[in-house]
Amino acid sequence: MNRQSILTRGTGAIISTAVVLAIAAVALAALFNPVWIGPAQVRSDVPAITGWSSAEVERITGSVVGDVLLGPPKFDVSGPDGQPVLDDAERGHMRDVYTVLRAFALVVLLVGGAGALLLWRHRSEAASWRAVARGAGLLASAGAVLAVLVTFFFDAAFLAFHLVFFPQGNFSFDPATERLTQLFPSQFWTESAAAVVVVGLALSLGTWFLARRRARALSS
């Protein structure tokens, strides 16, 4: 294999990986925003579960999500009674969530930026757009598998996800007494996971279709 072939394969791999990460990041954005979170909590009866008004649920959730996305990761919001909503274990888990999301964002920025730069530099080459299509196709295939897992094996998939990303194990809370699982109950996560998969699949298939069409146009 000559040097030019190695460079071409490497460029394609970076572009494909960047596409996977970029689509995954956009799909996750469907979860971490008030347009989705608020209605999903209402459908999951969070006000009734917590005993708080809808306005209090929105205020507390906004603080928790804001600490995750923007920091600093204090997670010290108080409830209507003036007491901290989350206990030490819950705050510890949310700090871990903050760290994982920061690591993911850094990888997306580095690899995504490199992929975007390479795609721009080689935008007139069909091979670059075939690499985009490969990344999108790979993610679409993974999304199809995830759709099956979310539909039929959600609890096992949810546990496996936490075991991989939170191996320290501080993610099991009592929904009868701990507020984190009351704010984000099982139904919320089931719906949210399904939404992420649907958005990811739609973006992947759309990107795959457009990239293949662009590659064919450049090859003709």
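Tabulated data for the structure shown
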{"read-out": "Conditions (1) among the polar types (S, T, N, Q); (2) open to solvent by 90 Å² or more (accessible area, probe 1.4 Å); (3) closer than 24 Å to T17 by Cα; number of the one not met by Q168", "value": "(3)"}
{"read-out": "So G143, is it assigned to a helix (DSSP H, G or I), at pLDDT below 90 and open to solvent by less than 40 Å² (accessible area, probe 1.4 Å)", "value": "yes"}
{"read-out": "Test: residue in the range 42-62 that is under 20 Å from the mean Cα position of the chain (by Cα), over 18 Å from L183 (Cα atoms) and either surrounded by fewer than 18 Cβ atoms within 10 Å (Cβ to Cβ) or of a type outside the set (K, R) (or both)", "value": "no"}
{"read-out": "Residues within the range 146-157 that are among the small types (G, A, S) and open to solvent by 60 Å² or more (accessible area, probe 1.4 Å), tallied", "value": "1"}
{"read-out": "Unique match (being open to solvent by 70 Å² or more (accessible area, probe 1.4 Å) and more than 25 Å from A25 (Cβ to Cβ)) among A176, A217", "value": "A176"}
{"read-out": "A13 being open to solvent by 20 Å² or more (accessible area, probe 1.4 Å), over 30 Å from R179 (Cβ atoms) and in contact (Cβ under 8 Å) with a residue 40 or more places away in the chain", "value": "yes"}
{"read-out": "Positions within the range 153-174 being touching a residue at least 40 places away in the same chain (Cβ under 8 Å) and not in a helix (DSSP H, G or I), in sequence order", "value": "F166, Q168, N170, F171, F173"}
{"read-out": "The range 64-78, subset under 19 Å from S192 (Cβ atoms) and open to solvent by 20 Å² or more (accessible area, probe 1.4 Å), residue nearest to the chain's Cα centre (by Cα)", "value": "L69"}
{"read-out": "Meets criteria (over 18 Å from the mean Cα position of the chain (by Cα) and closer than 24 Å to T8 by Cβ) for L139", "value": "no"}
{"read-out": "Whichever residue in the range 178-218 is charged (D, E, K, R) and assigned to a helix (DSSP H, G or I) and, among such residues, is nearest to S16 (Cα to Cα)", "value": "R212"}
{"read-out": "Condition broken by V35, with the remaining ones in (1) surrounded by fewer than 13 Cβ atoms within 10 Å (Cβ to Cβ); (2) β-branched (V, I, T); (3) touching a helix residue (DSSP H, G or I) at 6+ places or on another chain (Cβ under 7 Å) satisfied", "value": "(3)"}
{"read-out": "Pairs with Cβ under 6 Å, 6+ apart, first in the range 70-84 and over 18 Å from R95 (Cβ atoms) and at pLDDT 90 or above, second in a loop (DSSP other than H, G, I, E, B) and of a type outside the set (F, W, Y)", "value": "G79/V85"}
{"read-out": "Residue within the range 70-80 that is among the acidic types (D, E), farther than 21 Å from T11 by Cα and in a helix (DSSP H, G or I) present", "value": "no"}
{"read-out": "Unique match (being surrounded by 13 or more Cβ atoms within 10 Å (Cβ to Cβ) and either hydroxyl-bearing (S, T, Y) or free of Cβ contacts under 8 Å to residues at least 12 places away in the same chain (or both)) among S128, S124", "value": "S128"}
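The values are calculated or read from the model by the stated rules, or taken from the named source; none is laboratory data. Just so we're clear, the structure is a prediction, and the values are computed from it rather than from any experiment. Note that we place each Cβ from the backbone using ideal geometry, even for glycine, and neighbour counts take in every protein chain shown. Side chains are part of the model used for accessible areas, which takes the heavy atoms of the whole protein and leaves out ligands, DNA and RNA. Shrake-Rupley method; radii C 1.70, N 1.55, O 1.52, S 1.80 Å.
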